[in-house]
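Encoded as structure tokens, here's the structure I'll be asking about.
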Amino acid sequence: MITTRDRATTRGTPCRTPRTIWCGPSWHPSIRHPRKVIMSRMGSQATGEGNGSQAAPAGLSPEITPPGLLEILWRRRWIVTLVTLASIVGAFIYLMKATPIYTSTSRIYVEQSGPKVITEFEGVMTQSKNYLYTQAEIFLSTEVLRPVAEAAEDAKTRILSSRTRATKGSTTSVAEESVQEVGQPEQGANGALLQRRQILEGVADLLAFFAKTFNDTGGSTAVASDESEEEPDEGKQVVFYDRLKTFQDVDNIQVFLKKELEVKVGKKDDIISVSFDSPWPDEAELIVYEVVESYRRYQSTTKQTTAGGVLKILEKARKKADGKWNESYEKLILSQKKHPVLSLKDDRGSFLVRGLSTLHEELAAAQSAAIVAKATYEAAEQMQGDPERLRQLVESQFGRVGTTPFNQEKVQLHRDASQLQLELADLQRQVTSDHPAVESLESKIARIKGELEALDRTTGEAYLELARQQWLVARERETELDQRYRTQLVEAQELGAKATELAKLESEVSKTEKMLDILDDRIKEVDVTEKADVLNINILEYAEVEDEPSKPEKARIMGAALVAGLILGAGLALLVDWKDHRFRSADEITAILGVPVLGVVPSMSRKASRPDHGQQVSRASSSMIAEAYRTIRTAVYFGAPNGEARTILVTSPSPGDGKSTTASNLAIAMAQAGQRTLLMDSDFRKPVQHVIFEMDDKQGLSSVLSGQATLDEVLRPSEVAGLDVLRCGPLPPNPSEFINSDAFREMLEELAVKYDRVVIDSPPVMAVSDARILAAGCDITLLVLRAEKSTRKASEQARDGLLAVGGHLLGVVVNDAHHRREGYGYGYYGGYGQYGGYYGRDRAEGRREGGRGSSGTEKGSSTG
């Protein structure tokens, strides 16, 4: 511990009170001024501008307010602009490469028959809406979409209703079609002949039906109709096409249609809209048209019911077959669980079982056909005694009432009989009953009644005989298949009783399933004799081939791209700004570090040499840079009590912040103020003051501390009056020991007495410990930060390191501030521009004299 001696007040040198200096880590920080006392003592003049603000606690980060947010976005506006442009360009490229999608829509009005009252209540779905939503779901049902999918999958000949396709550039629209009830009879002039032709066609259709049944089961017996191939009706056109391009890469067309087809019910009306999207507009129109037609066919089919007697017999048979299937299936499951090894069969056994299963299926089909034929025959036989009921049964098989030739002929006979009755009545009013004319008319009437009775008997007998023959044929087929099945069953029994039993159960289940399917099909094929809830379907707008694509929506996509680009750009700008830990304003430095900003030094020209940078105050005395250093000098004078700022340490958090340039220019500014000033280069790592003042570095501070030279021998006067320079000298191997030595402390006390101000240039705080040692022994410390380079973390660590050793951190000097750069708050020296004319002449003279002057408006960086 060394106690300073009393120093008498000399000219221009204030008296210093005795104080104690502690060296190294043992120096007690309580001897130094507490930080809060220093902050309160600096007052409003600490910044040199007269409007210094109260410092915030250390480490406090400024909050982002709306003006601050806008400032960030403006500062990072190029990021926002580039991201937005990239988003728009990406959307444009997408629109250029995206496949145009065309939407074809058909509008349909579906209503129930009979009166309907619709009452709307808010929050309550009406019956009409429920019904329409049900119809919308039917459009997407399997029964409606499956025919369309199968037709598209098979790529076979399609018979479409006659209509004119709307082509591009054509004004022809789709022709209107009316919805007609299925089964509506045609009325011609020659009714009797037409009805006879229809009854013959009905018999042929019935025989073709049984022939198809036998052919499906593999039998040899078949009854062919006269027509070998159905011809398209008049008003129809045959359209040939391969698989649609829309379905080229689709595995399941039905699922695809259910997913892509859009069916909507109008919000303010009862109109159902059916839409489909496809890259091919003609295919979209065709698909929508086919779906609508399939829906119409489905509705016409599902609203038919079967004839009463036959329907009951078939339903009874199906119920019995269903019970048999359940029983067989349960036995099969139990057998498989009990004997799982029977599922593993060799090739021979597998072949026999498959053959047995095939025979079972054929036998099941034959049995089903026999059941249908027998049921028809028994129904006709039961009604043989009742000609009227028998007539109704015949009409249920061949057509609705009024369509059979039997009925038409009977109607004609009734008309003839009625006409004769009228004539007879008129004649009886004129003559007596025994008149020959009366007897002739009565004879004709009796003959017509006989013909009616004979016609009923003939019709019943013919139908009964036809039903009997069909039943006999079906029974014959069943007997034949049963014999073949029994023969195959004997062969299969050679594999073992258990295997045969399992195969029999499997065949029985398969046979029953086939029977159930056939019975279901037969029940659906029974003619409709009763109707209920008939729909009235009106197609308001047919699907048309669209000229303009509906997707992608260019305006919406570009708008979304613009909004997304702005949002992403703003987010990226905020992220980049949040990751950028550099200081952006003097207020931010004060808020985070808790110390005032003593001054802001504008950027220097990059073309100027290091001596020009270090001597800006003397070589360009009228520049804004020189004025900035004078402001810092004033802040130092008023920032510390009189006599408490004789030794001034200038340091920075990291290399390159400009501390050496700041130290030299601050020393020149103090010397120009009439104070004896010494600039000491104690940066034993990278000294530059001898370069700034263009001196040699053969001897200096290290020479004095090592005893190789005296202090007077190494002190050199500079070009500035009142300023001496103590160079660094040869670099020692142990700089920290030199600075922390007693010799250095004694020398510093001696220099503090000899000079009014001792400005010390030290190494960076974060690089080595030299700056901390020097801060503990100096009156005040100035921390130099480089604008747009110094980070918050490094600056906070440097501040904490200086305060930890008891250093008196007076304030911060911001160096290399680009006052014209937007978004950064260091540029308040721009206000000096109004004095440009005043300073212009001096700056020009300075450049002519030294050729090295630097204007404050030039952009560059201060080094050090």
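The values are calculated or read from the model by the stated rules, or taken from the named source; none is laboratory data. Quick caveat: nothing in here was measured; it's all calculated off a predicted structure. We place every Cβ from the backbone using ideal geometry, glycine too, and count neighbours over all the protein chains shown.
Among the listed residues Ala570, Ala608, Ala635, Ala561, which satisfies the condition of being more than 19 Å from Glu788 (Cα to Cα), of a type in the set (A, V, I, L, M) and assigned to a loop (DSSP other than H, G, I, E, B)? Can you show your working first?
On the way: Ala570 fails: assigned to a loop (DSSP other than H, G, I, E, B); Ala635 fails: assigned to a loop (DSSP other than H, G, I, E, B); Ala561 fails: assigned to a loop (DSSP other than H, G, I, E, B).
Of Ala570, Ala608, Ala635, Ala561, the one residue that is more than 19 Å from Glu788 (Cα to Cα), of a type in the set (A, V, I, L, M) and assigned to a loop (DSSP other than H, G, I, E, B) is Ala608.
Sticking with this structure for a sec: Residue check: is Asp434 free of Cβ contacts under 8 Å to residues at least 24 places away in the same chain and of a type in the set (Asp, Glu)? First the steps, then the outcome.
Numbers: free of Cβ contacts under 8 Å to residues at least 24 places away in the same chain: yes; of a type in the set (Asp, Glu): yes.
It is true that Asp434 is free of Cβ contacts under 8 Å to residues at least 24 places away in the same chain and of a type in the set (Asp, Glu).
Which residue is nearest to Ser664 (Cα to Cα), if the candidates are limited to the range 619-631 and must be at pLDDT 90 or above and among the hydroxyl-bearing types (Ser, Thr, Tyr)?
Within the range 619-631, the match that is nearest to Ser664 (Cα to Cα) is Tyr629.
Considering each residue of the range 711-737, count those that are in contact with a strand residue (DSSP E or B) (Cβ under 9 Å, 6 or more places away or on another chain) and without any contact (Cβ under 8 Å) to a residue 24 or more places away in the chain, and give that number. Can you show your working first?
Of the residues in the range 711-737, the ones in contact with a strand residue (DSSP E or B) (Cβ under 9 Å, 6 or more places away or on another chain) are 711, 714-718, 720, 722-729.
Going one step further and asking which of them are without any contact (Cβ under 8 Å) to a residue 24 or more places away in the chain, we end up with 714, 716-717.
Qualifying residue count for the region: 3.
Please enumerate the residues belonging to the range 634-684 that are of a type in the set (Asp, Glu) and within 22 Å of Gly806 (Cβ to Cβ). Write out each step before concluding.
If we filter the range 634-684 for residues that are of a type in the set (Asp, Glu), which is where we start, we get 644, 657, 681, 683.
Scanning the range 634-684 gives Glu644, Asp683.
Select from the range 698-719 the residues that are of a type in the set (Val, Ile, Thr) and either touching a Phe, Trp or Tyr at 6+ places or on another chain (Cβ under 7 Å) or surrounded by 14 or more Cβ atoms within 10 Å (Cβ to Cβ) (or both) and list them in ascending order. Spell out the reasoning first.
Our first condition is that a residue be of a type in the set (Val, Ile, Thr); within the range 698-719, this holds for 704, 710, 714.
Once the filter is applied, which keeps residues that are of a type in the set (Val, Ile, Thr) and either touching a Phe, Trp or Tyr at 6+ places or on another chain (Cβ under 7 Å) or surrounded by 14 or more Cβ atoms within 10 Å (Cβ to Cβ) (or both), the range 698-719 yields Val704, Val714.
Considering the range 394-417 alone, what residues qualify as being of a type outside the set (D, E, K, R), at pLDDT below 60 and either assigned to a helix (DSSP H, G or I) or touching a Gly at 6+ places or on another chain (Cβ under 8 Å) (or both)? Walk me through how you get there before you give the answer.
Going through the range 394-417, the residues of a type outside the set (D, E, K, R) turn out to be 394, 396-399, 401-408, 411-414, 417.
So of that shortlist, the ones also at pLDDT below 60 come out as 399, 401-406.
Gly399, Thr404, Pro405, Phe406, listed by residue number.
Quick one: how many residues across the range 736-754 are within 26 Å of Met670 (Cβ to Cβ) and not aliphatic (A, V, I, L, M)?
The total comes to 7.
Within the range 651-680, track down each residue that is buried (at least 22 other Cβ atoms within 10 Å of the Cβ), touching a Phe, Trp or Tyr at 6+ places or on another chain (Cβ under 6 Å) and assigned to a loop (DSSP other than H, G, I, E, B).
Across the range 651-680, there are no qualifying residues.
What about Leu810, is it under 23 Å from Phe684 (Cα atoms) and buried (at least 20 other Cβ atoms within 10 Å of the Cβ)? It would help to see each step written out before you state the result.
On the way: under 23 Å from Phe684 (Cα atoms): no; buried (at least 20 other Cβ atoms within 10 Å of the Cβ): yes.
No, not satisfied.
Determine whether Glu453 is loosely packed, with under 12 Cβ neighbours inside 10 Å and part of a helix (DSSP H, G or I). Step through it out loud before you land on a result.
Details: loosely packed, with under 12 Cβ neighbours inside 10 Å: yes; part of a helix (DSSP H, G or I): yes.
So Glu453 fits the description; yes.
Restricting to the range 677-710, and then to whatever is without any contact (Cβ under 8 Å) to a residue 60 or more places away in the chain and of a type in the set (Asp, Glu), can you tell me which residue is nearest to Arg745 (Cα to Cα)?
Ranking the qualifying residues of the range 677-710, first place goes to Asp697.
In this structure, does Asp683 turn out to be touching a helix residue (DSSP H, G or I) at 6+ places or on another chain (Cβ under 8 Å), charged (D, E, K, R), buried (at least 24 other Cβ atoms within 10 Å of the Cβ) and in a loop (DSSP other than H, G, I, E, B)? So that I can check it myself, show each step before the final result.
Details: touching a helix residue (DSSP H, G or I) at 6+ places or on another chain (Cβ under 8 Å): yes; charged (D, E, K, R): yes; buried (at least 24 other Cβ atoms within 10 Å of the Cβ): yes; in a loop (DSSP other than H, G, I, E, B): yes.
Considered against the rule, which asks whether it is touching a helix residue (DSSP H, G or I) at 6+ places or on another chain (Cβ under 8 Å), charged (D, E, K, R), buried (at least 24 other Cβ atoms within 10 Å of the Cβ) and in a loop (DSSP other than H, G, I, E, B), Asp683 comes out as yes.
While we're here: Go through the range 614-630 and count every residue that is under 19 Å from Met695 (Cα atoms) and either in a helix (DSSP H, G or I) or among the small types (Gly, Ala, Ser) (or both).
To start, the set of residues in the range 614-630 that are under 19 Å from Met695 (Cα atoms) comprises 614-619.
From the residues that got through so far, the ones that are either in a helix (DSSP H, G or I) or among the small types (Gly, Ala, Ser) (or both) too are 614, 616-619.
Count: 5.
Listed here are the residues, each with its yes/no results for (1) touching a Gly at 6+ places or on another chain (Cβ under 9 Å); (2) over 30 Å from Pro602 (Cα atoms); (3) modelled with pLDDT under 90.
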residue: Ala663; (1), (2), (3): yes, no, no
residue: Ile668; (1), (2), (3): yes, no, no
residue: Gln672; (1), (2), (3): yes, no, no
residue: Arg676; (1), (2), (3): yes, no, no
residue: Leu705; (1), (2), (3): yes, yes, yes
residue: Pro735; (1), (2), (3): no, yes, yes
residue: Asn740; (1), (2), (3): yes, yes, yes
residue: Asp756; (1), (2), (3): yes, no, no
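Also: Quick one: in the range 780-801, which of the residues that are touching a strand residue (DSSP E or B) at 6+ places or on another chain (Cβ under 6 Å) and surrounded by fewer than 24 Cβ atoms within 10 Å (Cβ to Cβ) is nearest to Arg606 (Cα to Cα)?
Looking at residues that are touching a strand residue (DSSP E or B) at 6+ places or on another chain (Cβ under 6 Å) and surrounded by fewer than 24 Cβ atoms within 10 Å (Cβ to Cβ), I get Glu788.
Here's another thing I want to ask about it. Please go through (1) modelled with pLDDT of 75 or more; (2) part of a loop (DSSP other than H, G, I, E, B) for Leu420 and return the number of the only condition it doesn't satisfy.
(2)
Looking at the range 720-741 only, could you name the residues that are among the acidic types (Asp, Glu) and surrounded by 15 or more Cβ atoms within 10 Å (Cβ to Cβ)?
Asp724
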